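Student: First the structure, which I've put down as C-alpha cells, then a few questions once you've had a look.
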Amino acid sequence: MPSVSDRGATAAAPPSDARTGFDKAVLGGKGLLLLAAAVLVLAFPQMAPDAFILSVGVVIASYAALAVSWNFVGGFTGYISLGHAAYSGLGGYGTALLIIETGLNPWVALVGAAVAVALLAVPIGVASLRVRGASFVIVSIALVLILLLVSQSWADVTGGSNGLRVPRPFGPEVLRPEQHERFFYLHVGLVLVALAVWWAIDRSRFGTGLKAIREDEDKAQALGVPTFSYKLAVFVISAFFTALAGGMYALWFGSLDPIFQFSILVGSYMVLMSLLGGIRSLLGPVVGAVIVGYALEFFKAQYGDTQFHLVALGLLLALVVLFMPDGVLPALGSLVNRFRPQQATSIREMTAAELLEHNRAVETARREEGDGAVVRETEEVGR
C-alpha cells in the first residue's frame, strides 16, 4: 500500500495505443533499414562502376572490421586504446610470415596468426590493464611505437623499411577486380561474426559485468565483479578480432609497410569511427566506419597526396562531436523519441489529501469484500 507523504506521490497509467503503435512503427522502420542496408551491401560489388570504387568498398569494410574489433574494449569497458594498430599490424605480419616461412595455407595462417596475437595479448593485458585513464592510453601508444621500431630494425624478418610482400590466397588467374569482390565479402563476413560475438556478450552476465566496469569500476569490484579477469578476457577477444582484420587486409593488399601497419593514426581511426557512430551501440562502429572511410577516400581524391585530407576529416569529426557528442545512432534515437506520442494520462502527481482519500477507499473496498466473504461462508454453513 502507498504511504502518505507531504510531497505527494505519482500514479502511472498504462501506455496509450498511439504510443504502442508508434513503437511498432519504429521497430518496423529499423527492420526495413537493416534489410535495405543488407541488400545494398550484398549488391555493392555488382553496382560498383569500376575496380577503384570496389577497392574503396574493401577499405571501408576493413575499417568496419577494425572498429567493431576495437569496440570490444572501448564499448564495454570504456578503456580508450590508441595503440590497437599493434594487434592489426601483428596480425598482418604474422599471417605473411607464416605463409612465407612455413608454407601454410593462407587461411590457416590467418587464423594461426590471430590466435598467436591473442596469446601475446594476455601478458600485454596483464601489464597494461592495471592502469586506467590517461595512463592506459600512454601505455597503448608506447606499445605500437615499440613495435614500429622493432619492425623497422628487424629487417631480416620484417623486411625493415622496405616492407614485406604477402602472397595472395588466390592464383594469378583471378583478376584484381574479382579479388576485390571476394575480399569485400570476406571482410563483411568478418564484421558479421564480430558483431554476433559482441551482441552475445552484450546480453550475457559477462557483458553486464563489463558494463558495470565501464560505469564505475571500483563499485563493480566492491559488488563482487572480477573486474581484472573480465577486462583481460575482453581485451584478448578484441586483440584476436583486430589481428584477423589486419591479416585479412594484408592478404588483400599484398604488401606490408611498417610505418602504416604500426601507425597511431590507424588506432586513432578505430577510436574515432566507434565514437562517431556510437560507442555503446552494436552497429555504431559500422556506421562510423562508413562515414570516416568514405570521407577519407573522398578527401584523399580531392587533395591528392597532401595531408589536407586529415584536416578536412578533423573538421568533420569536430562538427559531429559538437552536435552529436554521443554518436550518430544515439542522436538519431533521441530525435525519434522527440516525436514519440506522450501518454494521455502518463504520470499524474497526487496530493497528500488525494492519496489519503485513495487509501481510505481501498481499505473500505477490502473491508466490504471481507464482510461479503463472511456472509457467504455463513450462508453456506446454514445450508
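The values are calculated or read from the model by the stated rules, or taken from the named source; none is laboratory data. Quick caveat, the model's predicted, so the values are computed rather than measured. A quick note on method: Cβ atoms are made from the backbone with ideal geometry, for glycine too, and the neighbour counts reach across all protein chains shown.
Student: Run down 268, 274 and say which single residue is of a type in the set (S, T, N, Q), touching a Gly at 6+ places or on another chain (Cβ under 7 Å) and assigned to a helix (DSSP H, G or I).
Tutor: 274
Student: When the residues of the range 163-219 are narrowed to those that are over 19 Å from the mean Cα position of the chain (by Cα) and acidic (Asp, Glu), which ends up modelled with the lowest pLDDT?
Tutor: 173
Student: Let me ask something additional. Is there any pair linking a residue in the range 55-71 that is touching a residue at least 40 places away in the same chain (Cβ under 8 Å) to one that is outside any helix (DSSP H, G or I), with Cβ under 6 Å and at least six apart or on different chains, and which?
Tutor: That search, which allows pairs on different chains as well, returns 70/84.
Student: Could you list, in sequence order, the residues of the range 201-234 that are free of Cβ contacts under 8 Å to residues at least 60 places away in the same chain, in contact with a Gly (Cβ under 8 Å, 6 or more places away or on another chain) and either aliphatic (A, V, I, L, M) or not assigned by TED's automatic domain parsing to the domain that holds residue 117 (or both)?
Tutor: Result: 220, 225.
Student: Moving on. What pairs come out if I take residues in the range 151-167 that are part of a strand (DSSP E or B) and pair them with residues that are surrounded by fewer than 17 Cβ atoms within 10 Å (Cβ to Cβ) and not hydrophobic (A, V, I, L, M, F, W, C) whose C-beta lies under 8 Å away, six or more apart or interchain?
Tutor: 164/255; 165/254; 165/255
Student: With in a loop (DSSP other than H, G, I, E, B), out of contact with any Leu (no Cβ under 8 Å at 6 or more places or on another chain) and either surrounded by 13 or more Cβ atoms within 10 Å (Cβ to Cβ) or in contact (Cβ under 8 Å) with a residue 12 or more places away in the chain (or both) as the only criterion, which of 174, 139 stands out?
Tutor: Residue meeting the stated conditions: 174.
Student: For residue 212, which of the numbered conditions (1) of a type outside the set (Lys, Arg); (2) out of contact with any Lys or Arg (no Cβ under 8 Å at 6 or more places or on another chain); (3) under 27 Å from residue 282 (Cβ atoms) fails to hold?
Tutor: It is condition (2) that residue 212 fails.
Student: Can you pull out every residue in the range 100-117 that is farther than 18 Å from residue 191 by Cα and surrounded by fewer than 24 Cβ atoms within 10 Å (Cβ to Cβ)?
Tutor: Those that are farther than 18 Å from residue 191 by Cα and surrounded by fewer than 24 Cβ atoms within 10 Å (Cβ to Cβ): 100, 101, 102, 103, 104, 105, 106, 108, 112, 116.
Student: Any idea which residue in the range 277-307 is modelled with the lowest pLDDT, counting only those that are among the small types (Gly, Ala, Ser) and surrounded by fewer than 18 Cβ atoms within 10 Å (Cβ to Cβ)?
Tutor: Restricting to residues being among the small types (Gly, Ala, Ser) and surrounded by fewer than 18 Cβ atoms within 10 Å (Cβ to Cβ), the top hit is 304.
Student: Of (1) free of Cβ contacts under 8 Å to residues at least 12 places away in the same chain; (2) over 25 Å from residue 111 (Cα atoms); (3) assigned by TED's automatic domain parsing to the domain that holds residue 62; (4) among the polar types (S, T, N, Q), residue 306 satisfies all except one. Which?
Tutor: (3)
Student: Scanning the range 82-128 for residues that are outside any helix (DSSP H, G or I) and under 21 Å from the mean Cα position of the chain (by Cα), which turns out nearest to residue 183 (Cα to Cα)?
Tutor: Selected residue: 84.
Student: Still on this structure, I have one more. Taking the conditions exactly as written (farther than 25 Å from residue 54 by Cα, hydrophobic (A, V, I, L, M, F, W, C) and surrounded by fewer than 20 Cβ atoms within 10 Å (Cβ to Cβ)), does residue 310 satisfy them or not?
Tutor: Judged against the criteria, residue 310 is not a match.
Student: Is there a residue in the range 57-74 that is in contact with a helix residue (DSSP H, G or I) (Cβ under 6 Å, 6 or more places away or on another chain) and part of a loop (DSSP other than H, G, I, E, B)?
Tutor: There is no residue in the range 57-74 that is in contact with a helix residue (DSSP H, G or I) (Cβ under 6 Å, 6 or more places away or on another chain) and part of a loop (DSSP other than H, G, I, E, B).
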